[in-house]
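Undergrad: Take this structure first; my questions come after.
The values are calculated or read from the model by the stated rules, or taken from the named source; none is laboratory data. Just so we're clear, the structure is a prediction, and the values are computed from it rather than from any experiment. Note: ideal-geometry Cβ built from the backbone for every residue, glycine included; neighbour counts use all protein chains shown. What goes into the accessible areas is simple: the full protein's heavy atoms, side chains included, and nothing from ligands, DNA or RNA. Shrake-Rupley method; radii C 1.70, N 1.55, O 1.52, S 1.80 Å.
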Amino acid sequence: MRVKIRCIEGGRAGERFSFQKECIAIGRDPACDLALDSSIDDEASWRHAEIRVAADEVRIVDLGSTNGTYRNDEPVSDAPLEFGDRVRFGPSGPLVEVRFGTFLARLWKALFGRRRVSVFV
């Protein structure tokens, strides 16, 4: 599943990234998949968090960061993400928006949620 990240606040504000992998590392470490600006984004840890992608779910996982990870302004250590969720690294650190899935998958979820629905043609 493709995951798109838009940086809203922080040293990389205005930049967009697209990933198609199971684990996306985020932090100030230049080796991270999404390497935050180490000179500006000082609330983010060296290896702050990961976005983990499974067949039916995308999660944000804090890696024991100093300042915490926030999903839609709520502190989380390991939580599912929904299309358009905003994730902040530290209480006032860099902010990103996360999008994933296809249009049809998002439409299906909006209409039916996680219920199994039988369709007969």
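Undergrad: Considering (1) open to solvent by 30 Å² or more (accessible area, probe 1.4 Å); (2) at negative phi; (3) modelled with pLDDT of 95 or more; (4) not in a strand (DSSP E or B), say which one A55 fails and leave the rest.
TA: Going through (1) open to solvent by 30 Å² or more (accessible area, probe 1.4 Å); (2) at negative phi; (3) modelled with pLDDT of 95 or more; (4) not in a strand (DSSP E or B) one by one, A55 breaks only (3).
Undergrad: So, one more: Hey, A105 hits all of (1) open to solvent by 40 Å² or more (accessible area, probe 1.4 Å); (2) modelled with pLDDT of 95 or more but one; which does it fall short on?
TA: (2)
Undergrad: Right, something else. Answer yes or no: is there a residue in the range 67-78 that is touching a Cys at 6+ places or on another chain (Cβ under 7 Å), outside any loop (DSSP other than H, G, I, E, B) and at pLDDT 95 or above. Reasoning before the result, please.
TA: Our first condition is that a residue be touching a Cys at 6+ places or on another chain (Cβ under 7 Å); within the range 67-78, this holds for none.
Among the residues of the range 67-78, not one is touching a Cys at 6+ places or on another chain (Cβ under 7 Å), outside any loop (DSSP other than H, G, I, E, B) and at pLDDT 95 or above, which makes the answer no.
Undergrad: Kindly indicate the residue of the range 8-22 that is more than 14 Å from the chain's Cα centre (by Cα) and not acidic (D, E) and also surrounded by the fewest Cβ atoms within 10 Å (Cβ to Cβ) among those meeting that condition.
TA: Ranking the candidates gives G14 first.
Undergrad: Being in contact with a Lys or Arg (Cβ under 7 Å, 6 or more places away or on another chain), open to solvent by less than 30 Å² (accessible area, probe 1.4 Å) and modelled with pLDDT of 95 or more narrows it down to one residue among E50, E97; which is it?
TA: Working: E50 fails: in contact with a Lys or Arg (Cβ under 7 Å, 6 or more places away or on another chain).
Criteria check complete, one pass: E97.
Undergrad: How many of the residues in the range 1-26 are in contact (Cβ under 8 Å) with a residue 60 or more places away in the chain and not in a loop (DSSP other than H, G, I, E, B)?
TA: Qualifying residue count for the region: 8.
Undergrad: Collect the residues in the range 23-34 that are in contact with a strand residue (DSSP E or B) (Cβ under 9 Å, 6 or more places away or on another chain) and open to solvent by 20 Å² or more (accessible area, probe 1.4 Å), keeping them in residue-number order. Break it down into steps so the answer makes sense when it comes.
TA: First, the residues of the range 23-34 that are in contact with a strand residue (DSSP E or B) (Cβ under 9 Å, 6 or more places away or on another chain): 23-29, 31-34.
Scanning the range 23-34 gives C23, R28, D29, A31, D33.
Undergrad: Now, a different point. Checking D62 against (1) out of contact with any Ser or Thr (no Cβ under 6 Å at 6 or more places or on another chain); (2) surrounded by 16 or more Cβ atoms within 10 Å (Cβ to Cβ); (3) not hydroxyl-bearing (S, T, Y), only one condition comes out false. Which one?
TA: Here D62 meets the rest and fails (1).
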